[in-house]
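Report on the following structure.
The values are calculated or read from the model by the stated rules, or taken from the named source; none is laboratory data. Fair warning: this is a prediction, and the values are worked out from it, not measured in the lab. Ideal geometry is used to build each Cβ from the backbone, glycine not excepted, and the neighbour counts take in all protein chains shown. Side chains included, ligands, DNA and RNA excluded: accessible areas come from the protein's heavy atoms. Shrake-Rupley method; radii C 1.70, N 1.55, O 1.52, S 1.80 Å.
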Amino acid sequence: MKIGLVAPGIWNSIHLDMAQALGALGHDLAIYTEDSRAPSGARFLRFREGRLDFFVISHLRRNPWVWIFDRLAKPWLGRRFFTTLVAVARYFAATRDCEVYFVEGDWIGFFVAIVARVRRFRWVVCIHDSDYLRIPVHFAGRPASRWKEAVKLWVLGSADLVRANSYVTRDALIAGGCAAARIRVVPLQVTAWMRVDDIADMTEFKQRARQEVRAQWRIPRDAPLAITMCRLVPVKGLDLGLRGFARAARARPELRLMICGGDRVVAGLGSYRRHLEQIAAEEGVAAQVIFTDNIDIREVKRYLAAADLQLAPSVIDTFNYGLVEAAMVHTYTLASDMAGAAPWVEKTGAAAIVAGRDPEVWGRAIAGFFAEGVAPFTGDAIVAELEPQRVAALLLDLVREIPGVPA
């Protein structure tokens with residue numbers, strides 16, 4: 001089968017791994033993307049890597065033939081709307097032999113939906129966020145726009161099928177107005193940068209990480225350590241995790257919580273780190289909470305391996321790779337029922353789902369983990385569950401439901 005893939009910025013995303021997995025299954029891919037390596041916003045840079053045929057335009061330059069329309073429309077549609085529309089239309093004209101297309105995201109899907117009005121092709125829009133959907137989820141800084149909501153729903157209704165990356169995403173799409181019959185759930189895959197193949201002895205790696213991280217942050221060597229690993233924004237629910245930790249930590253002063261992630265300034269709230277620091281002080285556990293700021297992506301595995309427990313108390317998180325990464329280094333996670341990856345990780349024995357947003361319930365779950373522990377597990381099961389070619393096969397099963405796609 002020949003498959004089209006529309007994925008801007010593919011070299012800085014998870015989508016290249018999936019393209020390679022589909023190629024490894026014997027399929028040819030024609031990929032539209034935008035990147036700095038292309039010199040023009042009007043002409044494609046074309047090159048092939050194995051079964052992947054790339055159509056690349058500059059991610060910054062405008063098409064000189066439509067620059068005046070871009071300039072006029074900039075206040076409402078962004079600086080390169082017509083440049084992107086022309087490039088997407090030319091890509092579809094050049095790839096008419098594709099049996100089906102995967103389109104990664106609703107904004108680029110907007111351009112695809114416009115082209116689909118004048119050219120018939122089969123396509124699946126892949127949704128990885130809940131932005132601009134009118135759903136009963138509230139947090140400081142939540143994006144809202146009536147016209148963007150309307151565009152998103154139009155794109156969802158224009159595609160042949162909608163791929164949601166988790167049941168959380170599916171439920172948000174349904175609550176936001178997308179027809180349930182159009183949605184299929186296919187999880188994201190373990191990516192190349194997450195792999196732990198170069199760690200020969202995981203037990204030794206964890207012991208060394210435990211010693212190094214505790215020494216670096218002056219944590220007592222035997223202190224039980226919980227960790228959060230995400231950007232500091234309200235949607236991650238860190239205030240709930242912190243309040244839950246406080247309920248467990250007041251009875252056990254040796255407990256520590258390490259909050260990893262760069263600070264963000266949130267409209268109406270200000271610095272989210274300062275907000276969390278105030279909560280820790282109010283709860284009387286400021287001395288037991290460590291803020292590390294941003295952790296380099298190359299260091300994430302070491303920090304997760306150093307911890308006894310990860311907390312993922314998300315308000316809504318359509319996937320959350322942190323659960324998967326923690327499982328791969330044999331660190332258990334307590335996750336909210338709104339963390340998209342949680343069902344797959346829980347299935348492998350590497351996580352438990354904590355329902356609701358009651359700090360008392362979270363406190364009992366944290367205290368119970370440190371008092372009782374969990375059954376031993378390894379990361380092999382989650383790697384097998386989310387192995388790229390397995391997920392690629394699920395995507396192929398999905399598109400074969402579309403009339404006209406080869407069986």
inquiry  = Cβ neighbours within 10 Å, averaged per peptide: list 60-73, 123-136 in order, most packed at the top.
reply    = 123-136, 60-73
task = Give the ranking of 138, 330, 27 by solvent-accessible surface, highest area first, calculated with a 1.4 Å probe.
result = 138, 330, 27
remark   = Expected field for residue 122, accessible surface area in Å² at 1.4 Å probe radius, rounded to 10, holds 70 Å²
ask   = Quick one: what do you get for the range 335-407 if you divide its Cα Rg by 2.2 N^0.38 Å?
value = 1.56
request  = For residue 148, list the lysines whose Cα falls under 19 Å from its own Cα; do not include residues on the same chain fewer than 8 positions away.
outcome  = 74
note = In nm², the average projected area of the convex hull spanned by the Cα atoms of the range 128-191 is 4.9 nm²
ask   = Distances over 20 Å make up what percent of all Cα-Cα pairs in the range 20-131?
value = 44 percent
ask   = Any idea what diffusion coefficient the chain gets from Stokes-Einstein, in µm²/s, Kirkwood Rh on alpha carbon pairs, 10 °C, 1.306 mPa s?
value = 70 µm²/s
ask   = Between residue 390 and residue 208, what is the spin-label point distance in nm, taking each point 7 Å from the Cα along the Cα→C-beta axis?
value = 2.9 nm
query = Any idea what % of Cα-Cα pairs in the range 162-305 are farther than 28 Å?
reply = 36 percent
remark   = For residue 405, the residues 5 or more places away or on another chain with a placed amide H closer than 5 Å to its own amide H are none
ask   = Put +1 on the Cβ of every Lys and Arg and -1 on every Asp and Glu Cβ in the chain; which of 26, 334, 161 then has its Cα farthest towards the positive end of the dipole?
value = 161
key: the chain: relative contact order in percent, alpha carbon pairs under 8 Å with at least 6 residues between   = 14 percent
note = Non-local residues with an amide H under 5 Å from the amide H of residue 290, with H modelled 1.01 Å from N and Pro and chain starts lacking one, are 257, 258, 259
request  = Could you tell me what percent of the DSSP beta bridges with both partners in the chain are antiparallel, to the nearest 5?
outcome  = 15 percent
query = Percent of accessible area on the chain owned by carbon and sulfur, 1.4 Å probe?
reply = 52 percent
ask   = Measuring with a 1.4 Å probe in the full set of protein chains, what accessible area per residue, in whole Å², belongs to the chain?
value = 44 Å²
request  = Treat every Asp and Glu Cβ in the chain as -1 and every Lys and Arg Cβ as +1, leave all other atoms uncharged, and give the resulting dipole magnitude about the Cα centre to the nearest 20 debye.
outcome  = 1520 debye
All lysines inside 17 Å of residue 301 as judged from Cα atoms, apart from same-chain residues fewer than 8 positions distant = 206
inquiry  = For the pair residue 296/residue 374, report the inter-label distance in nm, with labels modelled 7 Å from Cα in the Cβ direction.
reply    = 2.9 nm
task = Obtain the radius of gyration and the Kirkwood radius of the range 152-241 from its C-alpha atoms and give Rg over Rh.
result = 1.17
request  = Would you mind getting the Kirkwood hydrodynamic radius of the range 250-407 from its Cα pairs, rounded to one decimal in Å?
outcome  = 17.7 Å
ask   = Rg to Rh for the range 212-297: what is it, with Cα atoms only and Rh by Kirkwood?
value = 0.96
task = Quick one, can you get me the convex hull of the C-alpha atoms of the range 282-375 expressed as volume per residue in Å³?
result = 118 Å³
message = Within the range 245-275, name every residue whose backbone N is under 15 Å away from a label modeled 7 Å from Cα of residue 282 along the Cβ vector.
response = 245-247, 269-275
note = Kirkwood Rh for the range 248-296 from C-alpha pairs, in Å, is 11.7 Å
ask   = Per residue Cα convex hull volume for the range 106-165, in cubic angstrom?
value = 83 Å³
request  = Calculate how large, on average over all directions, the projected area of the Cα convex hull of the range 1-75 is; give the answer in nm² to one decimal.
outcome  = 5.7 nm²
